[in-house]
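Okay, so here's the structure we're looking at.
Any read-out appearing in this document is the output of simple, stated calculations on the displayed coordinates, not a laboratory observation. These numbers come from a predicted model, not from an experiment.
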Amino acid sequence: MSGAGPKLRFCPESNDLLYPKEDKERKKLVYFCRSCGYQEDAHPSEWCVYRNEVQHTSREKSVVLQDVRSDPTLPRTRDVRCPVCSHNEAVFFTSSTEQGMELFFSCLSCGHRWRDYV
Ligand SMILES: [Zn+2]
Ligand SMILES: [Zn+2]
């Protein structure tokens with residue numbers, strides 16, 4: 001077991017790294033390209049496989065606790081609303097937890113962090 005995270009995906013159009021994003025309407029995780037807008041669904045089967053893998057290593061991994069708001073590599077979304085301060089822009093990232101792979105948001109205004117089950 002290599003312990004590598006989720007497989008990185010690359011845009012077939014521009015070869016850029018694809019970022020995970022939640023599709024609110026379909027309640028699905030998708031990958032999208034920040035350069036050209038290409039988008040594809042995350043395959044549910046892959047997430048299941050990853051969930052199983054993660055069971056073994058989840059105890060040594062924990063959710064990152066640093067302030068992710070200042071991390072320029074993380075994607076941002078304006079499709080959310082902070083449950084604490086109602087700000088509508090947040091950084092989001094996936095992290096492995098005891099439950100598997102989960103999507104987290106961190107409010108750009110107050111730093112509140114919440115999760116959204118994938
Ligand atoms: Zn692209
Ligand atoms: Zn907030």
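Some observations on this one:
- Contact order normalised by residue count of the stretch 60-117, Cα under 8 Å, 6+ apart, percent: 29 percent
- Of the Cα atoms belonging to the stretch 60-117, the radius of gyration and Dmax stand at 11.0, 33 Å.
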